[in-house]
């Protein structure tokens with residue numbers, strides 16, 4: 001895992017790539033779109049129902065957020081729908097934005113929805129790279145936050161163990177416009193879960209582990225070298241591997257998908273359907289969102 | 001059957017609870033001991049609520065002291081993940097006298113883990129390891145002595161569908177009920193004791209279950225499941241799975257239509273036309289003079305004529321052929337495979353692969369379909385399935401009526417009606433998806449082993465469903481026709497038809513007598529279609545009539561079921577939705593059809 005760590009010069013290269021005019025243009029279009037919502041409340045509701053509600057509730061579930069927790073939302077934008085959803089869930093939210101114009105409209109729309117007066121939502125002007133995230137139980141980082149990797153790294157550093165980060169990163173076509181940040185690039189003492197979102201977005205839910213977290217013995221071969229970890233989704237048809245980690249799900253263990261079990265991928269259903277895996281003679285269909293979070297290592301050939 | 005024994009009685013009398021993972025065969029054991037007939041099939045989630053019954057076999061050996069048996073839905077763990085599993089956990093909390101924990105011989109590891117959780121309740125427990133035959137096919141056996149010495153509780157090996165081992169199980173139950181203290185005082189082996197400690201982590205408990213299972217298996221021969229596995233591979237891979245699924249559906253359609261039409265054409269119609277109807281007409285004419293009463297019996301809607309002909313000569317053959325096809329499909333284990341093939345597509349309309357089972361059951365009768373949805377993990381899926389079934393899935397009686405009605409013109413109109421219904425199901429799913437924001441649970445579905453359906457089991461199931469149709473389907477149909485006969489002959493029907501004329505004639509373009517099926521349809525779904533038979537309708541009118549019938553009120557029994565499952569408000573909402581869709585759809589199709597006719 002140490003190999004994944006990237007140097008600061010690499011980060012600077014990465015950042016330079018992002019300041020292309022095209023990238024800025026796309027960011028502007030999305031900001032404009034959200035601005036319509038500031039003036040037309042009905043549009044905001046529709047936009048929220050279509051793009052946000054399902055994803056945010058899934059993120060809340062996976063990040064195991066409890067009502068009453070303190071949450072920082074970096075890059076709330078002009079239409080801070082994620083913050084609204086979090087406040088409605090019962091969290092105390094601080095929404096951060098680096099553009100004062102956008103922050104103004106965010107305040108305005110929050111006032112119109114009577115969310116500011118409840119005291120659970122605060123707005124702050126500031127840069128994501130400089131914000132102090134100590135004392136927050138969880139931090140949300142929006143897709144258009146820039147430079148996202150630097151923000152994530154600095155936030156992660158200040159978070160206490162057990163703290164969670166939810167960030168949105170592109171998949172599919174959107175990955176051509178926005179840079180994609182993999183959890184391994186941020187740090188290695190973390191646990192990551194993926195949520196598939198709408199229109200080319202995906203959310204990653206990170207949990208910070210104590211600095212010297214005990215690595216499971218599955219991650220290393222007999223000589224102590226780290227093994228390449230892959231997800232169930234990356235397995236080829238007919239290929240076998242041993243499970244090292246499974247996501248929280250009450251059905252996986254009883255169906256035989258537990259760490260230490262050898263599994264074989266039997267089929268990959270079309271139209272985004274489940275994967276069929278076999279473990280000791282038992283066939284189980286597993287959703288791709290779960291398969292993305294089932295970690296495996298290939299067997300040693302000796 | 002649940003009503004036979006009240007919960008109070010359950011607590012007072014010796015009660016035996018069957019618990020185990022889904023699809024392990026608990027219901028087969030239950031049926032054996034109680035002489036009751038709860039549903040059985042080869043997929044997880046067949047049983048969705050508890051059933052209690054008297055174990056007469058056992059009572060005989062205990063000086064007729066009543067003994068109750070309870071069958072509950074299967075559960076993988078005691079952390080219930082759906083409404084059906086919750087029933088099992090609740091029942092365990094009622095402290096039954098004895099628990100029979102049914103383990104799956106093929107998957108001892110997770111079965112043992114469940115057993116550990118059951119043993120935590122400190123209720124005397126007997127273990128039955130079922131499906132030993134399937135284990136032997138894969139070249140393994142369970143070392144019972146070893147396992148018994150570790151668990152220190154009685155273990156019986158069974159093949160419930162062949163009644164193997166059930167006598168031994170019975171002896172074990174009887175000897176426990178005679179001397180209950182023996183089991184209570186038994187202490188498990190230290191290893192198992194460790195598994196029962198409360199501070200143990202879930203990983204360690206799984207490791208213990210795994211170790212116990214691995215050491216309990218013994219190799220006795222070669223694995224002979226290879227050929228079956230390569231067939232199965234073809235069923236589950238998309239490139240071959242979809243064509244096979246299509247083929248299966250065509251074969252099913254052919255069985256239903258072919259067998260049904262054959263029975264009707266060559267057996268029932270000759271029987272009714274040549275013997276039964278002439279006999280009734282002659283007898284009634286001889287006994288009664290012409291008049292109102294005689295007309296009610298053998299006139300236009302004469303309920304001794306239509307009341308017998310419709311349910312028995314027209315609908316019954318299709319009921320029979322449908323259940324032949326469905327039972328074969330259920331017992332082979334193919335249904336969950338169809339479910340996972342379609343999961344990706346179903347996800348787009350807010351459903352998941354497992355929902356295919358309640359939907360297919362709905363094509364037999366809406367009620368088992370709606371009840372089977374209880375095994376689904378989210379309310380969203382349950383509600384969507386219930387609405388789809390009520391709205392656009394015709395029950396087999398109605399399908400039989402469609403076939404009779406539409407094949408007067410062309411039997412190809414039947415698939416056309418079905419395709420139309422699938423379009424509406426799709427639209428309903430898309431619309432519901434916008435309104436319900438509850439996220440679908442990621443699918444985790446076990447694929448049961450492919451099995452050759454057993455003739456005795458299939459025959460018994462078909463017979464039970466057939467009996468159910470006679471009492472719960474045919475009888476209300478006869479009553480419905482009786483009411484129609486009275487209304488028709490007394491002239492009331494004519495008045496109602498006059499009143500409904502603007503809707504029936506003006507909007508739907510049907511003859512005014514078509515008010516009759518709309519009225520009767522509230523009672524039974526097929527009665528929206530059957531009275532159209534003798535009205536000499538044009539092809540367009542037939543199609544409009546069929547569409548209205550398809551979407552119209554699901555029968556009164558379905559509304560009652562919906563109200564029980566989801567509350568009155570939702571039941572009434574669905575009623576409103578189906579009726580509006582029926583009239584809107586019918587009117588629109590009529591106008592489109594007319595426009596189309598003009599253009600040609």
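The values are calculated or read from the model by the stated rules, or taken from the named source; none is laboratory data. In this text, all values refer to a predicted model and were calculated from it rather than measured experimentally. Here the Cβ positions follow ideal geometry from the backbone for every residue, glycine too, while neighbour counts run over all protein chains shown.
A few notes on this one:
- Residues of segment B:25-68 that are over 19 Å from residue B:92 (Cα atoms), touching a strand residue (DSSP E or B) at 6+ places or on another chain (Cβ under 7 Å) and modelled with pLDDT under 80: B:36, B:38, B:44.
- Test: residue B:357 is touching a residue at least 60 places away in the same chain (Cβ under 8 Å) and farther than 24 Å from residue B:468 by Cβ: no
- Among the residues listed as A:155, A:166, A:181, the single one being within 30 Å of residue A:272 (Cβ to Cβ), touching a strand residue (DSSP E or B) at 6+ places or on another chain (Cβ under 6 Å) and either at pLDDT below 80 or not in a strand (DSSP E or B) (or both): A:181
- The selection criterion, being under 30 Å from residue B:39 (Cβ atoms), assigned by TED's automatic domain parsing to the domain that holds residue B:312 and surrounded by 18 or more Cβ atoms within 10 Å (Cβ to Cβ), holds for residue B:529.
- Residue within segment B:466-479 that is within 14 Å of chain A (Cβ to nearest Cβ) and either closer than 30 Å to residue B:76 by Cα or under 24 Å from the mean Cα position of the chain (by Cα) (or both) present: no
- Taking every residue in segment B:52-67 that is assigned to a helix (DSSP H, G or I) and pairing it with any residue that is crowded, with 22+ Cβ neighbours inside 10 Å, at least 6 positions away or on another chain, the pairs with Cβ-Cβ distances below 7 Å are B:57/B:33; B:58/B:33; B:58/B:67; B:58/B:173; B:59/B:67.
- Checked against the criterion of being within 16 Å of residue B:55 (Cβ to Cβ) and surrounded by fewer than 20 Cβ atoms within 10 Å (Cβ to Cβ), the candidates B:178, B:152 yield just one match: B:178.
- Taking the criterion of being in a loop (DSSP other than H, G, I, E, B), touching a strand residue (DSSP E or B) at 6+ places or on another chain (Cβ under 6 Å) and surrounded by fewer than 23 Cβ atoms within 10 Å (Cβ to Cβ), the only residue of segment B:69-114 that qualifies is B:97.
- Residues in segment B:228-244 include at least one that is within 28 Å of the chain's Cα centre (by Cα) and not in a helix (DSSP H, G or I).
- Meets criteria (facing another protein chain (nearest Cβ under 9 Å), buried (at least 23 other Cβ atoms within 10 Å of the Cβ) and part of a loop (DSSP other than H, G, I, E, B)) for residue A:260: no
- Filter result for residue B:175 (under 21 Å from residue B:207 (Cβ atoms) and part of a helix (DSSP H, G or I)): no
- Candidate set: segment A:272-302, residues that are over 15 Å from residue A:241 (Cβ atoms) and touching a residue at least 60 places away in the same chain (Cβ under 8 Å); chosen: the one farthest from the other protein chains (Cβ to nearest Cβ): A:288
- Single residue of B:508, B:562, B:550 found to be more than 25 Å from the chain's Cα centre (by Cα) and in the same structural domain as residue B:473 (by TED's automatic domain parsing): B:508
- Any hit, segment B:447-460, residues being within 14 Å of chain A (Cβ to nearest Cβ) and either under 30 Å from residue B:543 (Cβ atoms) or in contact with a strand residue (DSSP E or B) (Cβ under 7 Å, 6 or more places away or on another chain) (or both): yes
- Residue within segment B:233-252 that is away from chain A (no Cβ under 14 Å) and in contact with a helix residue (DSSP H, G or I) (Cβ under 6 Å, 6 or more places away or on another chain) present: yes
- Any hit, segment B:539-553, residues being closer than 23 Å to residue B:364 by Cβ and free of Cβ contacts under 8 Å to residues at least 40 places away in the same chain: yes
- The conditions of being under 28 Å from residue B:105 (Cα atoms) and modelled with pLDDT under 80 are not met by residue B:7.
- Leading residue by the ranking (farthest from the other protein chains (Cβ to nearest Cβ)) among those in segment B:343-363 that are surrounded by fewer than 23 Cβ atoms within 10 Å (Cβ to Cβ) and closer than 27 Å to residue B:256 by Cα: B:363
- None of B:351, B:326 is in the same structural domain as residue B:563 (by TED's automatic domain parsing) and within 25 Å of residue B:563 (Cβ to Cβ) except B:351.
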